Every structure is written in C-alpha cells, then in structure tokens.
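A short worksheet on the structure shown next.
The values are calculated or read from the model by the stated rules, or taken from the named source; none is laboratory data. Since we're looking at a predicted model, the values are computed, not measured. Every residue, glycine as well, gets a Cβ built from its backbone with ideal geometry; the counts of neighbours run over all protein chains shown. Ligands, DNA and RNA are excluded from the accessible area calculation, which covers all protein heavy atoms including side chains. Shrake-Rupley method; radii C 1.70, N 1.55, O 1.52, S 1.80 Å.
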Amino acid sequence: MTEKSYPKVTVVGAGNVGANAALLLLLKDLANVALVDVVPGVAEGKALDIMHMRSNERFGPRICGSEDYAITAGSDIVVVTAGVPRKPGMTREDLLSVNSGIVRSVLDAALPASPDAIYVFVTNPLDVMVNLAFSLAGLPANRLFGMGGVLDTARFIYAIAQETGAEPGDIQAMVIGAHGEAMLPLPRLATVAGRPLPEVVDAAAIQRIVEATVQGGAAVVNLLKTGSAFYAPASSIARMVAEILSPSGQTLSVCARLAGQYGIEGTHICVPVRLGKAGVEEIVELPLNPDELAALQASAAAIKSQL
Ligand code: APR
C-alpha cells in the first residue's frame, strides 16, 4: 500500500502549547510535523514519545523533532509557539524584549528553510509579536498572521453554552480586537440556534458571559498556579491549520493585517477572516455599530502605541 502524502507543518516551541498542537495535527490526520525547540533533546524526545503512540492511535502522519531547523525545510505552514512566560519580578517590558528576541531568532532560522510557508504566530503578547514578526519577515500580509481570536472565540462560545445550556455547535459567535483584556466579544451579533443572543438571555447574563470570556485565560492560570492554558490554545492552532489546508469557507477570528478595513490601517488585529491555501484569503467586515467600531479602533490604536 502506498503511504498517503501529507502537507508539512513546522511547530517551533515544543512546550505545552506547541507539543499539544503537534499532537492534534497528527491525531486529526492533517499534516506531518517538524517540531523544533531551542533546548536540546526536548523536541526530539517529545516527537519520539508521540511516535510511540502510533501503534495505539494508528495516525497516518509522522512527527520528527530537533533543535536544528534542517528538519523544517520546505514546510507549508510554520507555527511559532516559542517564548517564555512572564515570571515573577518580570515587567511587561522585560517579557516583550525577551520574546521579541526569540521571534527574531526563529524567523532568522525558519525563513531560509521555508521561504514559501504561511507563518502563524502564537507567542504572547500576541498582537505585538505578530506586528513585530511582520515588520521583520518581509512576507506578504496574507502569509503572516496570528492565533488569538480563535481561542477567545472558543472561550466565548463555551461561556454562552454554559449560560444557555445550548450545544457549542448551535452557537455562532465571535471575539475580535486585541488578544488580551481589551478583546472585543460581540454578544449583539451572537446567535443561539439561530436566535440573537440578546433575545435568549438578559443583560446580566450577557455581562457574565463577556466577563467569563475576557477572564478565561486568567481563570486557567489561577487554577494551574504555574504556567498558562495550553489545550484550548493548541486546539485553536489545529483549527486554523485545518482551515488553511482544507478551507470550509467559515470565518475565523484571526490576527491579520488590516489595510483600511474597519477604518484601521497598517496593523495586525483579530478580525473575521476566511483562511485558505493562500493564508488570509479575505477579511470580512462585520456590520459593527458605532460603539463596537470605536472599541475595535481603540484596540488597534493601543496595539500601535506598543510597537
Ligand atoms: N526557539 C525555539 N524554541 C524556543 C525558543 C527559541 N528561540 N525559546 C524558547 N523556546 C521554547 C522553550 O524551550 C519551551 O519549550 O518554547 C517553549 C515554550 O513552551 P512553554 O514554556 O511550555 O510555553 P507554552 O505554554 O507552550 O506557551 C508558548 O504560547 O500561548 C503562548 O503565552 C504563550 O508565549 C507563550 C507561548
């Protein structure tokens, strides 16, 4: 029997988010994975551990790991999860400068090996990292974007499901804007089984839903004590990769570069996007009301002021 051929996805950073994203890409039969980490042995060890699952799980794709980017050559997609979390005593500026250096070094190594790939950034602080990566990489805007809105949207839909008892599959909703506390959940445009959310629950419930969405990441951090969320972030990466490789036509909230849409120019921020083989195929303009539009534009201005 001839082996099925798979696209190739590089995942940089074999930590909690990267390793779980890699695992999902295999379990979902999406892509062969090259896993890279700066710490010798970590990526190779996790790749070997995952390959040991193969006789149980019978997935088709393969994974290899290394600290050497030679294994990444010719990737279709490169997902960057490399970074350090904020440690006690570290200011936001310290974190920015450490993770900026990491993004820089990852691009220096990954770009020559995969010049035609689509680059998906995950490292936090997401909005700033994606904008920095864009200014360094010299790639067209359709081929460099970030994962943030898919995760925030997943948390929003979970919160709506918790409040209404509906199944997540019956809920349409989206979070746009910055990936952080300034995110913009859109309850007015959300629907539950086709009905507008504001007709299904009262204003206090909407308030609770928005609060649970915005505080979703912090709630996980508070429970874990060390480290931050990784299962839902990994799943959000896999969702985006799946959409790029086999577009369903659905829109996802993606940290993409705007060129005048929503009255915003020259910055990456989460907006509804149709992904596909070219990466960002279309930026969808939602019918925002003046307050929502002003909040999105304020979010974009806040991101720009940090660059
Ligand atoms: N090149 C490759 N890998 C690197 C580099 C680098 N220059 N610098 C750090 N790493 C690796 C670390 O060795 C570690 O294995 O990145 C990995 C990060 O893993 P974790 O510390 O477990 O962090 P994780 O929870 O996976 O989060 C990764 O995603 O959601 C964001 O905020 C999160 O920015 C963080 C990133």
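Between Met90, Met147, Met51, the residue with the greatest mean-square fluctuation in the GNM of the chain (Cα pairs under 10 Å linked by springs) is Met90.
Angle of helix 290-305 to the longest C-alpha principal axis of the chain, folded into 0 to 90 degrees and rounded to 10: 40°.
Rounded if a/c is under 1.5, else prolate if a/b is larger than b/c, else oblate: which is segment 149-305, with a ≥ b ≥ c the root eigenvalues of its Cα gyration tensor? Cα axes put segment 149-305 in the rounded bin. Relative to the longest principal axis of the Cα atoms of the chain, helix 149-164 runs at roughly 50 degrees. Dipole magnitude for the chain: computed about the Cα centre from +1 point charges on Lys and Arg Cβ and -1 point charges on Asp and Glu Cβ, it is near 380 debye.
Sorting the segments 76-82, 296-302 by their residues' average number of neighbouring beta-carbon atoms within 10 angstrom, most packed first, yields 76-82, 296-302. In a reduced charge model with +1 at each Lys and Arg Cβ and -1 at each Asp and Glu Cβ, segment 149-305 shows a dipole moment near 420 debye about its Cα centre. Annotation: per residue accessible area for segment 1-145 equals 46 Å², rounded to a whole number [probe 1.4 Å, protein chains only]. Dipole of the chain computed with +1 at Lys/Arg Cβ and -1 at Asp/Glu Cβ about the Cα centre; of Ala204, Leu23, Leu96, farthest Cα towards the positive end is Leu23. Each of Ser228, Ser55, Ala166 was placed along the dipole of the chain (beta-carbon charges, centred on the mean Cα), and the one lying farthest toward the positive end is Ser55. Think of it as helices only: each DSSP H run of n ≥ 4 in the chain is worth -39500 (n - 2.57), and spread over all residues that comes to -13500 deg cm²/dmol at 222 nm. First compute the accessible area of the chain with a 1.4 Å probe, then give the percent of it belonging to carbon and sulfur atoms. In the chain, the share of accessible area belonging to carbon and sulfur is 55 percent. Between the helical axis of 92-113 and the longest alpha-carbon principal axis of the chain there is an angle of about 50 degrees. Over segment 149-305, accessible surface divided per residue gives 46 Å², non-protein components excluded, 1.4 Å probe.
About the centre of its Cα atoms, segment 144-201 shows a dipole size close to 100 debye [charges on the beta carbon of Lys, Arg (+1) and Asp, Glu (-1) only; nearest 20 debye].
On the basis of the beta-carbon distance and an R0 of 51 Å, Asp49 and Glu199 show a calculated FRET efficiency of 0.55.
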